[in-house]
Amino acid sequence: MTYRSLQPYNPPAWAKELKIQPTSRVVLTQRPTPIHEWAVPGVPSGFQLYIKREDLTGSTLTGNKVRKLEFILADALSQGCDTVVTMGGLQSNHCRATAIAAREMGLAVHLAMMGEDDEAPVDIGCSGNILLDRLCGATIVVAPPSLLGNGSTDEQLEIATSLVEKYIQKLRSDGKNAYFIPPGGASEIGAWGYIEGFKEMMEQGVLDRFDDIVLAAGTCGTACALGIANYLTGSKLKIHGITIALTLATLSGKVSGYLQKLGINGVSPSEVIDLIDGYSIGYAKSTQEELDLLFDVSTQTGVVLDTTFTVKALRGLLE
């Protein structure tokens, strides 16, 4: 398949009954990503731990988001859109991946970001992912914390989403054909990134070699998609999602929404994924214990985790 090209897509046979069926995808990833043994300190004897290196999906596009974007951007292009709009925290990996991939496909990018300081809501600097966002020419709009209220993460996300919807209406009134990408790329179309990802894992022998898969559940798009694919294949694997910021009730509701929209009836969220709470103090917030674990793992195994998602998932797995 040709990189950065729109290609026809044929879903795996076990997923062809799903209501939403993509017909194309944009090729953005380097596949397959390897699976190898991982000698993490603290793993009890009698257990074997392996890691799938989703940090190796590409260069500036590394991470799980790009798999979703292959299907999301194909959907945007098929609808004749010229602009994509998404949202996230200031250092959002999803926003960065969207900015890069969308510009590669010739689409304009607007990023709605949650600010951290009411006194200087637009003084967000030019470091980390924000630098990459700017280098891709993304239009960045920052919402001060006070605009989102003092409620829970779930409530703030709901307010932020309503503000972004109004922003998109303004873009459309200005003549832009704008396509909204939910936080984390968590949509029914985006789910196909990891339905296809699960197929890749099957080809790597995961069904025969392993008992459990553990990953972070932020907006739950990746974790839910893997759980649905696992359920559809009838495999014996158990999918466990370590929650990051949203409540168990909210994430369970998201899984129910996926099942309903994809036409999987009579199945409860707990049948496709085991959501586990209690290993995160919040989005982009770290404990000293997590930072120590990140340091130990990177120095002893050479695998560098991130503070928002993967180190929390590993902590949940170990404990």
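The values are calculated or read from the model by the stated rules, or taken from the named source; none is laboratory data. If you're wondering where the values come from, they're calculated on a predicted model, not measured in any experiment. Neighbour counts run over all protein chains shown; Cβ positions are idealised from the backbone, glycine included. Please note that ligands, DNA and RNA were not included when accessible areas were found on the heavy atoms of the full protein model with its side chains. Shrake-Rupley method; radii C 1.70, N 1.55, O 1.52, S 1.80 Å.
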When the range 266-298 is checked residue by residue, the ones that are modelled with pLDDT of 95 or more, in a loop (DSSP other than H, G, I, E, B) and either loosely packed, with under 12 Cβ neighbours inside 10 Å or in contact with a Gly (Cβ under 7 Å, 6 or more places away or on another chain) (or both) are GLY266, SER268, VAL272, ILE273
Listed by first then second residue, the pairs whose first member lies in the range 36-63 and is closer than 19 Å to SER92 by Cα, whose partner is in a loop (DSSP other than H, G, I, E, B) and of a type in the set (D, E, K, R), with beta carbons under 9 Å and at least 6 positions apart or on separate chains, are ASP55/ASP306; THR57/ARG31; GLY63/ASP306
Practice problem: Inspect all residues belonging to the range 134-156 and state whether any of them is in contact with a Cys (Cβ under 6 Å, 6 or more places away or on another chain) and buried (at least 18 other Cβ atoms within 10 Å of the Cβ). | Solution: no
Residue hits (the range 286-300; of a type in the set (D, E, K, R) and without any contact (Cβ under 8 Å) to a residue 40 or more places away in the chain) are GLU289, GLU290, ASP292
Listed by first then second residue, the pairs whose first member lies in the range 4-30 and is over 16 Å from THR98 (Cα atoms), whose partner is among the aromatic types (Phe, Trp, Tyr) and open to solvent by less than 30 Å² (accessible area, probe 1.4 Å), with beta carbons under 7 Å and at least 6 positions apart or on separate chains, are PRO22/TYR9; PRO22/PHE71; PRO22/TRP192; THR23/TYR9; SER24/TYR9
Being of a type in the set (A, V, I, L, M, F, W, C), buried (at least 19 other Cβ atoms within 10 Å of the Cβ), in contact (Cβ under 8 Å) with a residue 60 or more places away in the chain and closer than 22 Å to ALA97 by Cβ narrows ALA186, ALA217 down to just ALA186
Of those in the range 55-85 that are modelled with pLDDT of 95 or more, among the charged types (D, E, K, R) and assigned to a helix (DSSP H, G or I), the residue most open to solvent (accessible area, probe 1.4 Å) is ASP75
Taking the range 1-48 and the residues there that are in contact with a strand residue (DSSP E or B) (Cβ under 7 Å, 6 or more places away or on another chain), of a type in the set (A, V, I, L, M) and in a loop (DSSP other than H, G, I, E, B), the one that is modelled with the highest pLDDT would be VAL27
Would you confirm, using the coordinates I've provided, whether LEU147 is out of contact with any Asp or Glu (no Cβ under 9 Å at 6 or more places or on another chain), among the aliphatic types (A, V, I, L, M) and part of a helix (DSSP H, G or I)? no
Within the range 86-97, the residues that are open to solvent by less than 10 Å² (accessible area, probe 1.4 Å) and more than 11 Å from the chain's Cα centre (by Cα) are THR86, MET87
